[in-house]
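*Asks:* Mind looking over this structure? Questions follow.
The values are calculated or read from the model by the stated rules, or taken from the named source; none is laboratory data. For clarity, every value in this text was computed on a predicted model and none was experimentally measured. Quick reminder, even Gly has a Cβ in these numbers, built from the backbone with ideal geometry, and neighbours come from all protein chains shown.
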Amino acid sequence: MSGKVLSPVDYVNPYMGNISHLLVPTYPTVHLPNSMLRVYPERGDYTGNKVNGLPVVVTSHRGSSAFNLSVVQNAVEVKPVVKYSYDDEVIKPYYYSVYLDEQNIGVEFAPSHQSAIYEFSLLPEKPVYMILNSRNGELTAKGNAVWGYQKIDGYSTHIYIYLETDITPVSEGIYSDGRIDASEKKASGKNACVVLQYPSGTKDLGLRYGISFISTEQAKKNLLREIKGYNLKQVAAEGRDVWNEKLGKIAVTGDVFNDKVVFYTSLYRTYERMINLSEDGRYYSAFDGKIHEDNGTPFYTDDWIWDTYRATHPLRVIIEPQMETDMVNSFIRMAEQMPEFWMPTFPEVTGDSRRMNSNHGVATVLDSYAKGLSGIDWEKAYMACRNAIMDKTLAPWSAKKAGEIDRFFKQHGYFPALAPGEKETAPEVHSFEKRQPVAVTLGTVYDEWCLSQIAKRLGKTDDYKYFAKHSLNYRTIFNPETKFFHPKDKEGNFIEPFDYSWSGGLGAREAYGENNGWVYRWDVPHNIADLIKLMGGNERFIAELERMYDTPLGQGKYSFYAQLPDHTGNVGQFSMANEPSLHIPYLYNYAGEPWRTQKRIRTLMDQWFRNDLMGVPGDEDGGGMSAFVVFSSLGFYPVTPGLPMYVIGSPRFEKAVVNLGNGKKFTIVCRNYAPENKYIQSAKLNGKEWNKSWFSHKDLEQGGTLEFTMGKQANKKWAAGPDAVPPSFEMAE
């Protein structure tokens, strides 16, 4: 693209991270921002030798495509799913093309929000067969149209499709018992397939379809509302404009092309979830299995809150405040639609799967409240959050009501670990996920702090005092001798022997959750100042942060990663690859050495986030990790969602202009810019000297300019004083 003026979407590389370091790769998703329809080539990762048919819509958590589309030009090759050899693949957020080399078929695709269009370039001397597979459901073919549904996730949720082609087939039928049956027009059950045959001489075939979670009739309405004809180039052009509008909310200037690619690719990934399920003012909710009126407020779902509360939701508060408002309102609707009125923890299109630990929906509520979003029933949101923490079990991956170990937590302030040799008897504990007692304790006391802050704003003094007091219970599992958070049994004894690098079983779940004790050592985002005191003061705190980066794995990689497969992207015992680590590099600021944060952030970004196939260090997890990249590239990060402030890192671009959803702009400028100049020499906020390593959300939302003078060597005096550190626990309004 040399010499061409690039727009934001031109920098997006959907292939970035498509080969995983160990677990789940990123997926090169083709979709419009937060839209119901998303697709990606169905293969394990970028190295997949074949694709399993052509995608129609991705619905579930890292799931395969709902429905499956195949086109062949030989009747003997008709089957439920055709595995294609492929070449010359091109993926953009708004466009997909591929050449099916063994079939000699060219494919192009472009999405809208609830519909999409395909074009096929064919060999005219052969007949054409189009196969649509519902995988598990029902399909009917008539003339040039196909309609039906697929059952997903235990059959309680259905996704519907209406599809039509621009050429009338010479016959239509079903695929059954290894052959095409033209006498039948309706297929049902597992791998229910319909087959449409088009005549020899067909050079090009256009296909368009709509999807719905309501009905086939609504799927047809969605299609005809969004795609009027069969002009794929027009649909792609419209999609490109949509993406440029969204990505253009942040405009960056700098010399390094790859930095822009990493930035805009990360921003693109924050728009994959949540997805808007509203269809002409109605939506299907799997939370109660009913169709609802949306009353003018879109309904969103599909959110991995354990990951996204940390940075994805705070990013939307800044650049998409109305969308974030609608999403918080969607959480409240979900709670209302579920029998216990509990805030969701991992809402998907099939309902709340209750994955992971803690109930961090409360953090998204507080962060929106503290940063001034309006149009939300905070009282109702608070009660849903409170119920989720007080009435639901804290056991990970469980939707059961609170049990005996939850009562223990409320009485003693920590989630008890099993003593050596003790058998699990609590029915609410997941057999694989275990208790995760330290992770649950730390995550829940943060949630309780969030509840205290909401209660304070709502004038609920007793609740405020109760939850504020309980939010300090991380102290109950702090081992004063080792200065680590240490699992403790119900008798109050620290579990011994214990190694913070690799004790705790698979994923350290008998103590932590996916990561080891070195990562959870810093998981007190609401009160870093007190954590520093527990550690022994600033100097010891800094030394222990450095020791984490210095400490080797302690065993061979094959053994370490066999036990801790989420704990990749290592620098010593630090893991860049999992969300509980994202705030850690910013903690030097709290101890008066922000220059170390500046160095560490730049180094980590260079090491682990790159414009290549392995350019993401771990599970991207619904935008959670990508939002860290966006914030860190701008030069600040929301260490404590719920405290309306941002901790300063090291800005990566010469200039970044953030278009706020309130019509104002916040600009970050780097004087003496050069890619290697990572250290802040001095700063100004709206023209005034700024000697703090943080700034408030109020400073940001009012618009203005944060100006840094950068240099190649650290200025260790900038923002180093005790009055310069970020606030903890509470801050002045």
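*Asks:* When the residues of region 301-323 are narrowed to those that are in contact with a Leu (Cβ under 7 Å, 6 or more places away or on another chain) and surrounded by 24 or more Cβ atoms within 10 Å (Cβ to Cβ), which ends up nearest to Glu579 (Cα to Cα)?
*Replies:* Arg310
*Asks:* Determine if region 167-175 includes at least one residue that is in contact with an Asp or Glu (Cβ under 7 Å, 6 or more places away or on another chain) and over 14 Å from Thr216 (Cα atoms).
*Replies:* Checked against the condition, which is being in contact with an Asp or Glu (Cβ under 7 Å, 6 or more places away or on another chain) and over 14 Å from Thr216 (Cα atoms), region 167-175 yields at least one hit.
*Asks:* Could you grab me the full set of residues in region 237-255 that are farther than 30 Å from Tyr673 by Cα and surrounded by 21 or more Cβ atoms within 10 Å (Cβ to Cβ)?
*Replies:* Of region 237-255, the ones farther than 30 Å from Tyr673 by Cα are 237-242.
If the condition is that a residue be farther than 30 Å from Tyr673 by Cα and surrounded by 21 or more Cβ atoms within 10 Å (Cβ to Cβ), then Gly239 is the only one that fits.
Residue by residue, here is whether (1) among the aromatic types (Phe, Trp, Tyr); (2) under 19 Å from the mean Cα position of the chain (by Cα) holds:
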{"position": "Ser575", "(1), (2)": "no, yes"}
{"position": "Pro585", "(1), (2)": "no, no"}
{"position": "Arg596", "(1), (2)": "no, no"}
{"position": "Lys599", "(1), (2)": "no, no"}
{"position": "Gly618", "(1), (2)": "no, yes"}
{"position": "Phe631", "(1), (2)": "yes, yes"}
{"position": "Tyr637", "(1), (2)": "yes, yes"}
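*Asks:* Out of Ala116, Ala110, report the one residue that is of a type in the set (A, V, I, L, M, F, W, C), over 19 Å from Thr216 (Cβ atoms) and modelled with pLDDT of 95 or more.
*Replies:* Selected residue: Ala110, the only one of Ala116, Ala110 that is of a type in the set (A, V, I, L, M, F, W, C), over 19 Å from Thr216 (Cβ atoms) and modelled with pLDDT of 95 or more.
*Asks:* Which of the residues belonging to region 275-332 are of a type in the set (D, E, K, R), farther than 21 Å from Gly372 by Cα, within 16 Å of the chain's Cα centre (by Cα) and not in a helix (DSSP H, G or I)?
*Replies:* Asp302, Asp303
*Asks:* Give the residues of region 44-68 that are in a loop (DSSP other than H, G, I, E, B) and surrounded by fewer than 19 Cβ atoms within 10 Å (Cβ to Cβ), sorted by residue number.
*Replies:* Gly44, Asp45, Tyr46, Thr47, Gly48, Asn49, Ser60, His61, Arg62, Gly63, Ser64
*Asks:* Please go through region 234-256 and pick out each residue that is farther than 27 Å from Arg316 by Cβ and either touching a residue at least 40 places away in the same chain (Cβ under 8 Å) or assigned to a loop (DSSP other than H, G, I, E, B) (or both).
*Replies:* Passing the criteria: only Asp255.
*Asks:* Here is a further query. Can you tell me which residue within region 156-169, out of those that are part of a loop (DSSP other than H, G, I, E, B) and touching a residue at least 40 places away in the same chain (Cβ under 8 Å), is surrounded by the most Cβ atoms within 10 Å (Cβ to Cβ)?
*Replies:* That would be Asp166.
*Asks:* Here's something else I'd like to know. Give the residue that is farthest from the chain's Cα centre (by Cα), with candidates limited to residues of region 639-648 that are in a loop (DSSP other than H, G, I, E, B) and within 15 Å of Arg310 (Cβ to Cβ).
*Replies:* Filtering region 639-648 for residues in a loop (DSSP other than H, G, I, E, B) gives 639-644.
Imposing the further condition that a residue be within 15 Å of Arg310 (Cβ to Cβ) reduces the set to 639-643.
On the way: Val639: 17, Thr640: 18, Pro641: 16, Gly642: 19, Leu643: 21 Å.
Top of the filtered list is Leu643.
*Asks:* Can you name the number of the only condition in (1) surrounded by fewer than 16 Cβ atoms within 10 Å (Cβ to Cβ); (2) part of a loop (DSSP other than H, G, I, E, B); (3) β-branched (Val, Ile, Thr) that Val76 fails?
*Replies:* Only one criterion is unmet by Val76, namely (2).
*Asks:* Go through region 13-24 and give me each residue that's at negative phi and crowded, with 23+ Cβ neighbours inside 10 Å.
*Replies:* Scanning region 13-24 gives Met16, Asn18.
*Asks:* Now, a different point. Exactly one of these conditions fails for Thr140: (1) part of a strand (DSSP E or B); (2) under 18 Å from Gly206 (Cβ atoms). Give me its number.
*Replies:* Unmet for Thr140, out of (1) part of a strand (DSSP E or B); (2) under 18 Å from Gly206 (Cβ atoms): (2).
*Asks:* Then there is this: Quick one: is Pro127 farther than 22 Å from Ile291 by Cβ and surrounded by fewer than 21 Cβ atoms within 10 Å (Cβ to Cβ)?
*Replies:* yes
*Asks:* Name the single residue, out of those in region 185-236 being hydroxyl-bearing (Ser, Thr, Tyr) and either modelled with pLDDT of 95 or more or in contact with a strand residue (DSSP E or B) (Cβ under 7 Å, 6 or more places away or on another chain) (or both), that is nearest to Leu54 (Cα to Cα).
*Replies:* Checking each candidate, the answer is Tyr209.
*Asks:* While we're here: Take region 121-155 and flag every residue that is touching a residue at least 60 places away in the same chain (Cβ under 8 Å) and among the small types (Gly, Ala, Ser).
*Replies:* Ser121, Ser134, Gly148, Gly154
*Asks:* Touching a helix residue (DSSP H, G or I) at 6+ places or on another chain (Cβ under 6 Å) and either under 21 Å from Lys678 (Cβ atoms) or assigned to a loop (DSSP other than H, G, I, E, B) (or both): which single residue out of Asp621, Asp612 fits that description?
*Replies:* Working: Asp612 fails: touching a helix residue (DSSP H, G or I) at 6+ places or on another chain (Cβ under 6 Å).
Result: Asp621 is the single residue among Asp621, Asp612 that is touching a helix residue (DSSP H, G or I) at 6+ places or on another chain (Cβ under 6 Å) and either under 21 Å from Lys678 (Cβ atoms) or assigned to a loop (DSSP other than H, G, I, E, B) (or both).
*Asks:* OK, next. Please note which helices (runs of 4 or more DSSP H) are completely contained in region 500-563 and include at least 2 residues that are under 17 Å from Thr482 (Cα atoms). Walk me through how you get there before you give the answer.
*Replies:* Numbers: elements: 517-520, 528-535, 538-550, 557-563.
Where helices (runs of 4 or more DSSP H) fall fully within region 500-563 and carry at least 2 residues being under 17 Å from Thr482 (Cα atoms), they are 517-520, 528-535, 538-550.
*Asks:* Answer yes if at least one residue in region 107-122 is over 35 Å from the mean Cα position of the chain (by Cα) and either of a type outside the set (Ser, Thr, Tyr) or closer than 18 Å to Ile180 by Cβ (or both), and no otherwise.
*Replies:* Within region 107-122 (the criterion being over 35 Å from the mean Cα position of the chain (by Cα) and either of a type outside the set (Ser, Thr, Tyr) or closer than 18 Å to Ile180 by Cβ (or both)), the answer is yes, since at least one residue qualifies.
*Asks:* Next question. Could you say whether any residue in region 79-86 is surrounded by 22 or more Cβ atoms within 10 Å (Cβ to Cβ) and in contact (Cβ under 8 Å) with a residue 40 or more places away in the chain?
*Replies:* Taking region 79-86 and keeping what is surrounded by 22 or more Cβ atoms within 10 Å (Cβ to Cβ), we get 82, 84.
Narrowing the set further to residues that are in contact (Cβ under 8 Å) with a residue 40 or more places away in the chain leaves 82.
Yes, region 79-86 has at least one match.
*Asks:* If you take just the strands (runs of 3 or more DSSP E) that sit entirely in region 171-229, which of them hold at least 2 residues that are crowded, with 19+ Cβ neighbours inside 10 Å and of a type in the set (Ser, Thr, Tyr)?
*Replies:* Where strands (runs of 3 or more DSSP E) fall fully within region 171-229 and carry at least 2 residues being crowded, with 19+ Cβ neighbours inside 10 Å and of a type in the set (Ser, Thr, Tyr), they are 204-212.
*Asks:* Do you know which residues across region 101-120 are more than 25 Å from Gly173 (Cβ to Cβ) and hydroxyl-bearing (Ser, Thr, Tyr)?
*Replies:* Once the filter is applied, which keeps residues that are more than 25 Å from Gly173 (Cβ to Cβ) and hydroxyl-bearing (Ser, Thr, Tyr), region 101-120 yields Ser112, Ser115.
*Asks:* Can you spot a residue in region 709-716 that is under 28 Å from Gly642 (Cβ atoms), touching a strand residue (DSSP E or B) at 6+ places or on another chain (Cβ under 7 Å) and crowded, with 19+ Cβ neighbours inside 10 Å?
*Replies:* Looking for residues that are under 28 Å from Gly642 (Cβ atoms), touching a strand residue (DSSP E or B) at 6+ places or on another chain (Cβ under 7 Å) and crowded, with 19+ Cβ neighbours inside 10 Å, one finds none in region 709-716, hence no.
*Asks:* For residues that are more than 20 Å from Ser650 (Cα to Cα), crowded, with 17+ Cβ neighbours inside 10 Å and either modelled with pLDDT under 95 or among the aromatic types (Phe, Trp, Tyr) (or both), tally how many sit in region 543-601.
*Replies:* Total satisfying the criteria: 2.
Residue-wise test of (1) at pLDDT below 95; (2) crowded, with 20+ Cβ neighbours inside 10 Å; (3) aromatic (Phe, Trp, Tyr).
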position: Ala426; (1), (2), (3): no, no, no
position: Val429; (1), (2), (3): no, yes, no
position: Phe467; (1), (2), (3): no, yes, yes
position: Phe485; (1), (2), (3): no, yes, yes
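*Asks:* Hey, could you check region 681-708 for residues that are farther than 25 Å from Lys249 by Cβ, in contact (Cβ under 8 Å) with a residue 24 or more places away in the chain and not basic (Lys, Arg) and say which is surrounded by the fewest Cβ atoms within 10 Å (Cβ to Cβ)?
*Replies:* Among those residues, the one meeting the criterion is Asn691.
*Asks:* From the list Gly48, Gly17, pick out the single residue that is small (Gly, Ala, Ser) and under 16 Å from the mean Cα position of the chain (by Cα).
*Replies:* Gly17
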